[in-house]
Amino acid sequence: MAQDEGTVQAADADVGGLQRALLAEVASAGDLDTLDQLRVTALGKKGRITALTKTLGQLDPDTRKHLGQRYNRLKETVAAAITARKAELESEALDVQLQAERQDVTLPARPLPAGRIHPVSQVTEEIIAIFGDMGFTVAEGPDVENDFNNFSALNMPPEHPARQMHDTFYVEAEQDGRPLVLRTHTSPVQIRTMLAGPPPHRIIAPGRTYRCDYDMTHTPMFHQVEGLMIDRRTHMGHLKGCLTDFVRAIFERDDIPVRFRPSFFPFTEPSAEMDIGCKRQGGELTIGAGDDWLEILGCGMVHPKVLRAVGVDPDVWQGFAFGMGIDRIAMLKYGIPDLRTFFEADLRWLRHYGFGALDVPTTRGGLSR
Amino acid sequence: MKLTLPWLREHLAGDDVAVAEIVERLTMLGLEVEGVVARGADLSTFKIAEVVGLRQHPAAERLRLCEVSTGSGTLEVVCGAPNVHLGMKAVFAPVGTVIPESGQVLQPATIRGIVSQGMLCSARELGLGEDHAGIIELPADAPVGRPASEVLRSEGPVIEVNVTPNRGDCLGVNGIARELAAGGIGQLKSRNLAPLPAQFDSPLRVTLDFPEAEAGACPIFVARHFRGLLNGPSPAWLQERLTAIGLRPISALVDITNLITYDLCRPLHVFDAAKLQGDLVLRFAEDGERMAALDGKTYELTAAMTVIADGSGPVSLGGIMGGSSTGCTPETTEMVLEIALFDPARTAATGRQLGIDSDARHRFERGLDPKMVVPGAEYATRLILELCGGEASQLIVAGRLPAPPSRFRFRIGELERLVGIGLDLATVQAKLRSLGFETEVDGEDAIQVTPPSWRHDVTMEADIVEELARLHGYDRIPPMPVRRITAVGQPSLSPDQRLRMIARRAAAAVGLAEAVTWSFTEAELASQFGQGELRLRNPISAELAVLRPSILPNLLEAAARNHNHGQREIGLFELGPRFHGLQPGEQEVAIGGLRLGPVHERSWAAPPRLADVYDARGDAQAILTACRVNAEGLRVVTEGPAHYHPGRRGRLMLGPHTVLAEFGELHPELARRFDLDGRPVGFEVFLDRLPKPKAKGQRVRTAFKTSPFPAVERDFAFLVDEEVQAETLLNAIRATEKGLIREVQLFDIYRGKGLAERQKSLAVAVRLQAQDHTLSEAEIDAVVKRIVAAANKATGAVLRT
């Protein structure tokens, strides 16, 4: 059976023309709606290509096969063109939308809460982190103290001249016939610690302390941290090593020169004061270099009388104690010039010198950076 | 304690050591030098010169040309001083010298055509005084060519030593010299303390009149009678010396007592003998007895105070201050010198009670050297006779020296045990002896030690350890590291302490800035916060008179200060003690916070909103949540302390009794008190009352379970009376079907149009989900009905239609 050559040629020509016409229409479709109508016109149930395929049934098998393939290719080509055009139009529409949605990102962000941590708290945490690494735990005591813990047990009996160095606040209450005081130092926590349990001890005790004094460099309340290390073999060499490591860690310079000078505290023997190297120039104080010294803390071997006062045998147990001003460390470390400003709760000051809520100091991550 | 370098050198033989080295050594011996002040300048570069030729300047009438012999040659110097003369010894400044007055380096100068090769100096140019009328004339026997400082009397530099309270013996120049000598600088020289014979016999009698048990109040008293004295101003050197250390020269007799107080650490007193009535008695004062003292004040005495009395009553407060009625004046010709020992503790108590802080008290209360009583009297006698003439009586002695310090055993191993350095027996003994200790070997590794009479602070082995360590040098003690000993680090913080740190950072995270304020506050303000009677006996001011019963009063004050600075968004917190009694431990740790004004800065992106009571509650809850308190387990009760607005306050309760937090709007009276044109809101969270964490190793969480079945959400609008509390409604809903109700949220409140007066609509979303099946519509409807019924029962709520 021969093909109907004439029918085939004419149909081929029609398909070619239809394809050109449809592709041109697709290309010129300006929006998604037009394109969709076009799809229906061309490929829908009553569309022009669908109509063509319906004529195939009347043809002889060879012609039908040949034209069937032609019509299918036409259908695929047009469908592909529509899909491509659709993607193009969508992309253009998105571009338009994005253009229209442009915002001024230079506008300030929404306000977020921005609280601050006081430098005293921050530095206290720094100190705890450093001594924590050396195995010290944090101990505490009350702000109102009795005479025994604040003075007598620390080898300061009544009339001891050293008591005069403490401008003591007394409260209107007594215990055992002696007035109660606001603790003049954190040293009574040593006594409480040693009364609470047997040695060994390794504690630091940061906290509020009080002296009846108010001028440029003194405030009636300030902060100290006490340290106590008692065991069977800790001697003054350990005291030097521990505190040298501490000052270098807190000031984050491992070359700070240090100096221990003999001094006097009733509750230590031998006693020392520790100086760190510094430079004073034009009203500026730089820590860690230069030819000048800055007193930083007092320390010493715990006095045998103190050990006896808390029932510890000084021939068996020994160790050191130290005390230093936390506010002063904060002033030195963070360049805060005036102690009195610590206690004024001035928001401008707190925003300037304060620390972020998540800025937790660790010795692993660095204390301040 | 102040002293001057030339003064110190009178007690130290040996090479002149630079001030810097003395300062360093003193400091490292434990005598911290607080400062060195130049007094007069360093005159060592100025030379003693002789004017060996003198002629008129050819071109200037008032200038003369001096030929000056400087010891190493002869130079020509132009001089305008009217007092220059041939053969005069003068102070010569060679070219290149820094002139103290101007601070300039002296240059060769051509004056009216003649080159001057230096300068002859006036007192003012050398910083030695105001005299500029002429040049200084030195004594005729001044050695030409030597530094002028050898003959010019200037007490500089002045060294100020911070003497610790245990080292009363170093409140004398001799004591400081002794330390330096032991530390390797020079050899100690003694003053001439030899006895002087009596030149007449005084009839004066001295009696110690103390009860036997109190004889320690004054164990020994020595007097000496002088007559024929001439008590004018003291000589220039003595005046300069006292002026240099900040004392005011008064008269020769008084200046001598001040000098010896500082020179030998031996306070003494001089009475005008003509004003004394009869003999002297040492006794306790009678209660209410009065004495006018040399400081111009009259003191009322008590029976605990030691006085020196004559027939008229007390004439001196022992060890503290003399009386004005018997004081020496420039007219004094007959005098009684007093030198004694007084009990340190009693002297301290008397001085403190009377508020007298004298050089004598300062020394007596630290303990004097008993063995210096008689030698001190002899040295004083010597100076008095030298400067004031006259004659001295016999020493009149009452009482006797107290027992010397007892010796004790020192095991030299203690040094290694406590300090970590080992010294041999010979070195230990040599060091101690250099400080005046007597030592005697006692077995192989111990010595018997007797402290010197001036070292009351050395009584036990630990004291000897310190003496040896400081002489050896603290800098020579090898530092040893301190390492943690626990294998797995024990935490540095207790659970309570850790919660405090978390609470602090939670408060900062919600936007509050941490304040640190005083633990005290003003009494009346404190009473507004429940407790205004926790008084200090000696407050620094009325504003800081009581311990604070709450964190809030101080925060309120701080907020007011910030308000006055023009701060708009105020948010502060503080973590610290609040007090409920004056006994130790009657305090608790709380974190308090306060907001005032807008909750955030003005912004285009967020509508302005003033802080209200719900911010305060939110802050408190945020802190509690951070401290691992399950906020849903808390009950809110509508009551609270009186410092809050009675209708805008609440408590967060854990269980029936534990108040974990209080919050509210501060009472309007308080806002008015601080002149705040806003409504401050605040809270306190009581950290000590938080539930204690379980022991380590038990802190296991419940298993995490989700339901695979769908959840449904139903919204309700309940109409309730205005008085109905939201919490009542929400609790009723929650309790309806605990197994199915996952969440209950109040998401809107409506009042107004469409509702009756005093009625409100509370919109609540309820989320339902079963663990084991998909909820059917029937089940859901049943739960909804029960919720509505429960709400109605609890609050009278009806669904809004």
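At-a-glance table
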{"quantity": "Order of B:CYS121, A:CYS212, B:CYS66, B:CYS79 - criterion: other Cβ atoms within 10 Å of each residue's Cβ, fewest first", "calculated": "A:CYS212, B:CYS79, B:CYS121, B:CYS66"}
{"quantity": "Inter-chain shielding of A:208-217 (mean C-beta neighbours from other protein chains, 10 Å cut-off)", "calculated": "2"}
{"quantity": "Estimated Rh, segment A:2-98: Kirkwood, alpha-carbon pairs, angstrom", "calculated": "14.5 Å"}
{"quantity": "Within 10 Å of each Cβ in B:25-32, the average number of Cβ atoms from other chains", "calculated": "4"}
{"quantity": "Point-charge dipole on Cβ atoms (K/R +1, D/E -1) for chain A, about Cα centre, debye to 20", "calculated": "980 debye"}
{"quantity": "Low-density loop positions, GluC sites (Glu not before Pro), segment B:618-683 - DSSP coil, at most 16 other Cβ in 10 Å", "calculated": "B:GLU639"}
{"quantity": "On Cα atoms only, tilt of B:461-472 relative to the major axis of chain B in degrees", "calculated": "70 degrees"}
{"quantity": "Segment B:413-538, Rg to Rh (Cα coordinates; Rh as Kirkwood inverse mean 1/r)", "calculated": "1.29"}
{"quantity": "Kirkwood Rh and Cα Rg combined as Rg/Rh, the protein assembly as shown", "calculated": "1.19"}
{"quantity": "Net charge dipole size for chain B [Lys, Arg +1 and Asp, Glu -1 on Cβ; Debye, nearest 20]", "calculated": "3200 debye"}
{"quantity": "Most positive-pole-ward Cα, B:VAL222, B:GLY313, B:GLY246, against dipole of segment B:217-376 from beta carbon charges", "calculated": "B:GLY246"}
{"quantity": "Cα centre as origin, Lys/Arg/Asp/Glu Cβ charges: the protein assembly as shown dipole, Debye", "calculated": "3660 debye"}
{"quantity": "Chain A: calculated mean residue ellipticity at 222 nm from DSSP helix runs of at least 4, using -39500 (n - 2.57)", "calculated": "-13000 deg cm²/dmol"}
{"quantity": "Principal axis box of segment B:2-160, alpha-carbon based, largest edge first, Å", "calculated": "62, 29, 24"}
{"quantity": "Chymotrypsin sites (Phe, Trp or Tyr not before Pro) within segment B:547-613: DSSP coil, no more than 11 neighbouring Cβ in 10 Å", "calculated": "B:TRP604"}
{"quantity": "Per-residue mean of C-beta atoms belonging to partner chains within 10 Å, peptide B:570-577", "calculated": "4"}
{"quantity": "Partner lysines for A:LYS279 [C-alpha distance under 17 Å; skip if fewer than 8 residues away on the same chain]", "calculated": "A:LYS333"}
{"quantity": "Calculated P(r) tail over 20 Å for segment B:509-571, as whole % of Cα pairs", "calculated": "33 percent"}
{"quantity": "Loop-resident sites, segment A:222-327, for GluC sites (Glu not before Pro), counting at most 14 other Cβ within 10 Å (DSSP)", "calculated": "none"}
{"quantity": "Of B:GLY73, B:VAL281, B:HIS456, farthest towards positive along the dipole that unit charges on Lys, Arg, Asp, Glu beta carbons give the protein assembly as shown", "calculated": "B:HIS456"}
{"quantity": "Helix B:252-263 vs. chain B, principal-axis angle (Cα, 0 to 90°, nearest 10)", "calculated": "60 degrees"}
{"quantity": "Relative packing of peptides B:364-370, A:346-352 - highest average C-beta neighbours within 10 Å first", "calculated": "B:364-370, A:346-352"}
{"quantity": "Per residue, the convex hull volume that the Cα atoms of segment A:119-353 enclose (Å³)", "calculated": "132 Å³"}
{"quantity": "Calculated Rg and Dmax of segment A:142-233 using C-alpha coordinates, Å", "calculated": "13.8, 43"}
{"quantity": "Angle between chain B longest axis and helix B:173-182 axis [Cα atoms, degrees, rounded to 10]", "calculated": "80 degrees"}
{"quantity": "Equivalent-ellipsoid semi-axes of segment B:203-251, from the Cα gyration tensor, Å, largest first", "calculated": "35, 18, 6"}
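Readers should treat all values here as calculations from the given coordinates under stated rules, not as data from a laboratory. Everything numeric in this text was worked out from a predicted model, so none of it was measured. Positions of Cβ are generated from backbone atoms using ideal geometry, with glycine treated the same way; all protein chains shown enter the neighbour counts.
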